[in-house]
There are 2 protein chains.
Amino acid sequence: MQAREPIPLEAIRAARERIAGSAVRTPLIRLAVDDAPAEIWLKLENLQPIGSFKVRGAGNAMALADPTLLARGVYTASAGNMAQGVAWHARRLGIPCTAVVLETAPETKLAAITRLGAEIVSIPFDDWWKVVVTHRYEPLADRYFIHPVSDLNVMAGNGTIGLEILEDLPDMDAVIVPYGGGGLSCGIASAVQALRPMVKVYASEVETGAPLAAALAAGTPTEASYEPSFVDGISSRSVLSEMWPLAKELLAGSLVVSLEETASAVRLLVERNHVVAEGAGATSVAAALKGGAGAGSVVCVVSGGNIDAAKLSKILSGQIP
Amino acid sequence: MQAREPIPLEAIRAARERIAGSAVRTPLIRLAVDDAPAEIWLKLENLQPIGSFKVRGAGNAMALADPTLLARGVYTASAGNMAQGVAWHARRLGIPCTAVVLETAPETKLAAITRLGAEIVSIPFDDWWKVVVTHRYEPLADRYFIHPVSDLNVMAGNGTIGLEILEDLPDMDAVIVPYGGGGLSCGIASAVQALRPMVKVYASEVETGAPLAAALAAGTPTEASYEPSFVDGISSRSVLSEMWPLAKELLAGSLVVSLEETASAVRLLVERNHVVAEGAGATSVAAALKGGAGAGSVVCVVSGGNIDAAKLSKILSGQIP
């Protein structure tokens, strides 16, 4: 189930039909800034039922899972958004769900998981990272595991975003995708490469933890410096090694932005386009506003909007970062 | 150009084709609250290029205006959002535009009008109300006037929202529409009455200024108490008398909400659905959450999202109201 080559277009197209009844076909709207360095468009995945794109991949993977195995229950390892995606579908299907989350996951995401009826297991970073790397959490080993990033069916679900963008804006020049584990960017890039290979797909990262940029600079996965911040949906010390070959092949580069630029993009999205992005989801917009993807027609994937109201309030009033 | 009977369906359908290239076909998404008293849906007009539905009516009216008259320039009387709608189209068409605004209009709306290249004339409430009632502002009498509410072509443009909702959710039971001047609710109700007469269309108002509720209670337009608040896009002392016959005929009633309920709806929309509504735009959601439109399938028109970041920050942190 590891990704060594791009997700086949047929798998992405099949995923699209499979999730049509549950995921929203999100709108692509123009960023309302006239003096931007590019023609910037926003793919609003924050409008999904669970507030992030994760509903797509989780839905596709669970639709393809053996129903007998699925009936025992599912679990995932997620800082929050993937857990919401899996929990949302588990509730819909009437099966038990457990989210193995980082003990630093924000309250709003935990509350949302609980509202969806899932159980939460909160563990320290090193243990959690082991689950992500080994695809297994021993106490839940009898359940069906859905990897938040590198599961091929999850990535195919993510790739449906690429199909929709290409339908709405076939003449685009570039796409910028927030890079957490790489499943979103590589899923989208698989679709884009198959249909419009001249379109560049960039990752966006935040400078307080940009392991893809570090790996690209070193030519191999390497340890990056990391500090927790309000950008809690992406950012870590290292890329997932199982994703590195694909990310290296499919992505045009990593555009690194600062916390200030990210907060400023969050404010801009609120004021000009009246949508709420979480920090991770705004890094793509921050990168486009810096001109990182050139001066053409640039689509920014606003991957999610799950941010505490109190935290957003502080960003809007300039107290964060 | 005054509205005495519903806008004909053909006029609304023609408006839809006319504005297809400029207005966004906005999404209808489910309010992410499981224990709500109804199945609540959100029609996201805050995602329009200018942050409100006004782009529809302004676009239709200007497309239908005599080009020779239009070339002299346009003006409107607007607390902000209609001015943005007219200015946005004027810039697109390359004609001068002036906005006659209330001197209390919020800074974010004035800044947006200025960014769109329009001039601003700021006048006191009584003078401004006279422009709204007489359809004329003497110093600009040589220009083409577009009434923000009762212009039939503006209302036909607003009615296109009704067509889209019915396409997406034909089985809905009710629609709730923020009531400012009545042009939005009566436009939508015209489309709905023609196609699905059993669907109820309600107005929503805020208790600090609810002239439609007062008029419906008295059986005739009457003076309502009024206090300015963060809900600056609707609310006044009296209904426009020229709109009263139509509003009385088409609307199922006025659902009045408090400032607290409205602020709470603004917060909920941010936290659960990751969109920003201005106060006016959230009154429909507040009304649905009170159960005002019954327990069926209820569509709330989120009419706009133009709110100062500082004000939104205060609402999110509980400092407003």
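The values are calculated or read from the model by the stated rules, or taken from the named source; none is laboratory data. What you are looking at is a predicted structure, and each value in this text was computed from that prediction instead of being measured. No Cβ is skipped: glycine too gets one built from the backbone with ideal geometry, and neighbour counts run over all protein chains shown. Protein only, heavy atoms only, side chains kept; ligands, DNA and RNA dropped before computing areas. Shrake-Rupley method; radii C 1.70, N 1.55, O 1.52, S 1.80 Å.
With +1 on each Lys and Arg Cβ and -1 on each Asp and Glu Cβ, and nothing else charged, work out how big the dipole of the range B:105-178 is about its Cα centre, in Debye to the nearest 20.
400
For the range A:36-169, with every protein chain kept in place, what is the accessible area per residue (1.4 Å probe, Å²)? Display every interim value, and only then the final one.
Numbers: 4570 Å² over 134 residues.
Computed with neighbouring chains in place, this is 34 Å² per residue.
Give the calculated FRET efficiency between residue B:142 and residue A:310 to the nearest 0.05, with a Förster radius of 41 Å applied to their Cβ-Cβ distance.
Working: r = 52 Å, r/R0 = 1.27.
That gives a FRET efficiency of 0.20.
Considering amide H positions built from the backbone, and no H for Pro or chain starts, which residues 5 or more places from residue A:206, or on another chain, come under 5 Å of its amide H?
When sequence neighbours closer than 5 places are left aside, the close amide H contacts are A:257.
Return the long-range amide H neighbours of residue A:53 (sequence gap of 5 or more, or a different chain), with a cut-off of under 5 Å between placed amide H atoms.
Answer set, sorted by chain and number: none.
Tell me the label-point distance for the pair residue B:71, residue B:30, using the 7 Å Cα-to-Cβ offset, in nm and rounded to one decimal.
It works out to 5.4 nm between the two label points.
If a/c stays under 1.5 just call it rounded; otherwise compare a/b with b/c (prolate if a/b is bigger, oblate if not). Do that for the protein assembly as shown, with a ≥ b ≥ c from the square roots of the Cα gyration tensor eigenvalues. Don't skip to the answer; put the middle values down first.
Numbers: a/c = 2.05, a/b = 1.72, b/c = 1.19.
In terms of gyration-tensor shape, prolate.
How many nm is it between the label spots at residue B:227 and residue A:196, if each spot is 7 Å from the Cα in line with the beta carbon?
5.3
In the Gaussian network model of chain A, springs joining C-alpha atoms below 10 Å, which of A:116, A:64, A:259 carries the largest mean-square fluctuation?
Most flexible of the set in this elastic network: A:64.
Show the residues, 5+ positions off or on another chain, whose built amide H is closer than 5 Å to the amide H of residue A:252.
Here the answer is A:201, A:202, A:203, since their amide H atoms fall under 5 Å of that of residue A:252.
Residue-wise, which Karplus ³J(HN,Hα) couplings in Hz belong to the range A:106-114, taking 6.51 cos²θ - 1.76 cosθ + 1.60, θ = phi - 60°, and x for glycine or proline?
x, 4, 5, 6, 5, 4, 5, 4, 5
Along the charge dipole of the range A:190-321, Cβ charges K/R +1 and D/E -1, which of A:250, A:321, A:309 sits furthest on the positive end?
Result: A:250.
How big is the dipole moment of the range B:1-128 about its Cα centre under a simple scheme where the beta carbon of each Lys and Arg is +1, that of each Asp and Glu is -1, and everything else is neutral? Debye, nearest 20, please. Don't skip to the end; give the middle numbers.
On the way: 14 positive and 13 negative charges, 117 e Å.
Roughly 560 debye for the range B:1-128.
Take every Cα pair under 8 Å in the range B:212-296 that's 6+ residues apart, average their separations, divide by the length, and report that relative contact order as a whole percent.
Computed value for the range B:212-296: 27 percent relative contact order.
Normalised by the residues of chain A, what does the relative contact order come to in percent, with Cα pairs under 8 Å and at least six apart? It would help to have the intermediate numbers written out before the result.
Numbers: 721 pairs, mean separation 73.4, N = 321.
Contact order relative to length: 23 percent.
Specify the angular offset, from 0 to 90 degrees and rounded to the nearest 10, of the alpha carbon long axis of helix B:125-134 from the longest principal axis of the alpha carbons in chain B.
Value to nearest ten degrees: 80.
Can you pull the percent of the protein assembly as shown's accessible area that's carbon plus sulfur, 1.4 Å probe, other chains left in place?
Numbers: 11150 of 22690 Å².
Ligands and nucleic acids excluded, carbon and sulfur give 49 percent.
Can you show me the helix-derived [θ] at 222 nm for chain B, built from DSSP H runs with n ≥ 4 at -39,500 (n - 2.57) apiece and divided by the number of residues, rounded to the nearest 500.
Mean residue ellipticity at 222 nm (helix-derived): -12500 deg cm²/dmol.
By the gyration tensor of its Cα atoms, with a ≥ b ≥ c the square roots of the eigenvalues, what is the shape of the range A:89-141: rounded for a/c under 1.5, prolate for a/b over b/c, or oblate? Before the final figure, lay out the partial values.
Values: a/c = 2.73, a/b = 1.30, b/c = 2.10.
Oblate, since a/c reaches 1.5 and b/c is not below a/b.
Which of the aspartates and glutamates could a cross-linker span from residue A:248 if the Cα-Cα distance has to be under 12 Å and same-chain partners fewer than 8 positions apart are dropped?
In chain and number order, the partners are A:5.
Which of A:58, A:68, A:105 sits farthest toward the positive end of the charge dipole of the range A:15-134, with +1 on the Cβ of Lys and Arg and -1 on the Cβ of Asp and Glu?
Result: A:68, furthest along the dipole toward the positive end.
Would you work out the charge dipole size for the range A:74-144 about its Cα centre, treating the Cβ of every Lys and Arg as +1 and the Cβ of every Asp and Glu as -1, and quote it to the nearest 20 debye?
Values: 7 positive and 7 negative charges, 73 e Å.
Computed charge dipole of the range A:74-144: roughly 340 debye.
Shape verdict for the range A:195-321, please, from the Cα gyration tensor: rounded (a/c under 1.5), prolate (a/b greater than b/c) or oblate.
oblate
Return the FRET efficiency for the residue pair residue B:241, residue B:125: r is the Cβ-Cβ distance, R0 is 25 Å, and the value is rounded to the nearest 0.05. Working shown, then result.
Values: r = 17 Å, r/R0 = 0.68.
Efficiency at R0 = 25 Å is approximately 0.90.
Nearest 100 Å², what total accessible surface is buried between chain B and chain A (probe 1.4 Å)? Don't skip to the end; give the middle numbers.
On the way: alone 12460 and 12430 Å², together 22690 Å².
Counting protein atoms only, the buried area is about 2200 Å².
Relative contact order of the range A:248-293, please, whole-number percent, based on alpha carbon pairs below 8 angstrom and at least 6 residues apart.
Working: 30 pairs, mean separation 18.8, N = 46.
The normalised contact order for the range A:248-293 reaches 41 percent.
Kindly write out, for the range B:248-259 in residue order, the coupling ³J(HN,Hα) from the Karplus curve 6.51 cos²θ - 1.76 cosθ + 1.60 (θ = phi - 60°), rounded to whole Hz, with x marking Gly and Pro.
In residue order, the calculated couplings are 4, 6, 8, 9, 7, x, 10, 9, 9, 10, 8, 4 Hz.
On the principal axes of its Cα set, how long, how wide and how thick is the range A:1-97? Give whole Å, largest value first.
Extents along the principal axes, in whole Å: 54, 28, 25.
Using a 10 angstrom cutoff on alpha carbons, build the Gaussian network for chain B and name the most mobile of B:96, B:67, B:221.
Per the Cα network of chain B with a 10 Å cutoff, B:67 tops the list.
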